[in-house]
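The values are calculated or read from the model by the stated rules, or taken from the named source; none is laboratory data. Here the structure is a predicted model, which means the values were calculated and not measured. Heads up, the Cβs are rebuilt from the backbone with ideal geometry, glycines too, and the neighbour counts pull from every protein chain shown. What goes into the accessible areas is simple: the full protein's heavy atoms, side chains included, and nothing from ligands, DNA or RNA. Shrake-Rupley method; radii C 1.70, N 1.55, O 1.52, S 1.80 Å.
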Amino acid sequence: MNSSPSGTQREGDQANLFDLSGRVALVTGSTRGLGLAIAGALAGYGADIIVVGRKQHSCDAAAKEIARATGQRVAGLACHVGKWADIDRFVDAVYRQFDTVDVLVNNAGMSPMYPSVDAVTEDLWDKVLGVNLKGPFRLTALIGTRMVRAGGGSIINISSTGARKPTGDIIPYAAAKAGLEAMTVGFANALGPTVRVNAIQPGPFLTDVAKSWDMVEYQRRIEATSALRRFGEPSEIVGSALFLASSASSFTTGSVIRVDGGTF
């Protein structure tokens, strides 16, 4: 591993603040959307990448796309991050293939629609909490502990403005993301001082998830509640991710960074 992502800055290092050369970044939910944008950006700044999704063929396709664009070493490994035993096997496989993980991005998430709160089934609840909260906990516990032994690392949890301003149609998801933000602070304490743990709180982004939205109604809501009065593009999340993954954020841990277009 190059200079630790949690390390302090030496005089003269400022030009290389965002350099990730020699580091390995694992990004869950990175076959599309925000995860794909983040993985591609980290590779663009020199990191080797582990693309993670539920389906191996999707992981392979995304890995090939990132490798072709950046020239970095990119591997695709499938894992259902909502299943504890799958995560345990997955982490062992990761460390057999890569000697280290320097950056972990817990991005995988899901928020199924439901017609009313009384229609939320136990199965839906368990799946949403599993992918959005249980998975990041187990991955952070296993990989974060190895990061401590290796001398450093950076963990980034992708939350949501739903954690701060939940609406009635995303209650299980909002509860999971609020828990993820609390977990961010707890792990920053547990894994410090060598490993940093932070979160990004995205607002409304135009990803594949948006295909199921009532865009007319949602646009009206955004114009009424957002300072920028528009949706974000996936490319607009990468600056925050690069900051938190790199030595540029060497004195930042336990923080939640809002990237939401000024939602109020």
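Values computed for the structure shown
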{"quantity": "Filter result for the condition that a residue is out of contact with any helix residue (DSSP H, G or I) (no Cβ under 6 Å at 6 or more places or on another chain) and not in a loop (DSSP other than H, G, I, E, B), over 145, 167", "calculated": "145"}
{"quantity": "Every residue from segment 24-48 that is out of contact with any helix residue (DSSP H, G or I) (no Cβ under 8 Å at 6 or more places or on another chain) and more than 19 Å from residue 111 (Cβ to Cβ)", "calculated": "24, 46, 48"}
{"quantity": "Residue count for segment 101-113, restricted to those that are surrounded by fewer than 24 Cβ atoms within 10 Å (Cβ to Cβ) and in a strand (DSSP E or B)", "calculated": "0"}
{"quantity": "Residue ID - farthest from residue 194 (Cα to Cα), chosen from residues in segment 95-149 that are more than 18 Å from the chain's Cα centre (by Cα) and among the acidic types (Asp, Glu)", "calculated": "118"}
{"quantity": "Residues located in segment 62-100, provided they are under 18 Å from residue 38 (Cα atoms), part of a helix (DSSP H, G or I) and of a type outside the set (Val, Ile, Thr)", "calculated": "62, 63, 64, 65, 67, 68, 69"}
{"quantity": "Given (1) surrounded by fewer than 13 Cβ atoms within 10 Å (Cβ to Cβ); (2) touching a residue at least 60 places away in the same chain (Cβ under 8 Å), number of the condition residue 262 does not satisfy", "calculated": "(2)"}
{"quantity": "Of all residues in segment 222-233 being open to solvent by less than 30 Å² (accessible area, probe 1.4 Å) and in contact with a strand residue (DSSP E or B) (Cβ under 8 Å, 6 or more places away or on another chain), the one that is nearest to residue 33 (Cα to Cα)", "calculated": "232"}
{"quantity": "Flag if residue 34 is modelled with pLDDT of 95 or more, buried (at least 24 other Cβ atoms within 10 Å of the Cβ) and farther than 19 Å from residue 153 by Cβ", "calculated": "yes"}
{"quantity": "Among residues of segment 114-140, those that are over 21 Å from residue 54 (Cβ atoms), in a helix (DSSP H, G or I) and among the small types (Gly, Ala, Ser), counted", "calculated": "1"}
{"quantity": "Scope segment 50-71; condition crowded, with 23+ Cβ neighbours inside 10 Å and either within 15 Å of residue 143 (Cβ to Cβ) or not hydrophobic (A, V, I, L, M, F, W, C) (or both); matching residues", "calculated": "50, 52, 53"}
